[in-house]
Amino acid sequence: MRFTKKGTMPTNTTTNASNYDATSLEAAQSNLATLQSQLPARPALTPKQRQALATVGDKNLAFVSQSVEICVTNPEILPRAIDVAETTAKADAHANLLRLEARIEQTLEAVRDARIQIGNELYAVCLTVYELTGRPLLGAGMKTGRSTLERRFKKPKATSPETPTPEPAT
């Protein structure tokens, strides 16, 4: 077998597709639904709204932590509108959500890696099938299958601009 198309080179390992059967994936879907139901409902933000909001990222996480610590240790300097208990609750919720987000991202990366690996292996097999359907001794039934599979690789015909008709000289 030869794999010459980009993205179809065999990898060091093969993925056991039976580990991803419908029952296992339905259980994972159910677990995700449970997770989603346990999270409090929040309004969905549009990309524009997300962009407009200040966020606590890597660059300002230390600033936020230190500010919350100052709130806790020096509540007397704060205006009455700042609730120390609510501020610490938000800090705790943010830290917990960061950890949850990291776990979800790890899980998403594992799902993507498995999908890509299985897809790569599947595509390699399908290219072999495509190659085999081109053999002349396989019969007329294979020609139909081959013509169906060929659509994947046919390049659209280049449309050349119409050549202008030269105007007659007068």
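What follows is calculated from the coordinates using simple rules that are stated; it is not laboratory data. All of these numbers come straight from a predicted model, not from anything done at the bench. Ideal geometry is used to build each Cβ from the backbone, glycine not excepted, and the neighbour counts take in all protein chains shown.
Laid out as a table, the results:
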{"read-out": "Computed E for Cys126/Asn31 - FRET, C-beta separation, R0 22 angstrom, nearest 0.05", "value": "0.10"}
{"read-out": "Inter-probe distance in nm under a simple model that places probes 7 Å from Cα toward Cβ, at Gln106 and Glu76", "value": "4.4 nm"}
{"read-out": "About the Cα centre, charge dipole magnitude for segment 12-143 (Lys/Arg +1, Asp/Glu -1 at Cβ), debye", "value": "500 debye"}
{"read-out": "Pairwise FRET efficiency - Arg151 versus Asp21, Cβ, R0 = 30 Å, nearest 0.05", "value": "0.50"}
{"read-out": "Ratio Rg/Rh [Cα only; Rh per Kirkwood] for segment 18-119", "value": "1.11"}
{"read-out": "Compactness of segment 99-139 as Cα Rg over 2.2 N^0.38 Å, two decimals", "value": "1.98"}
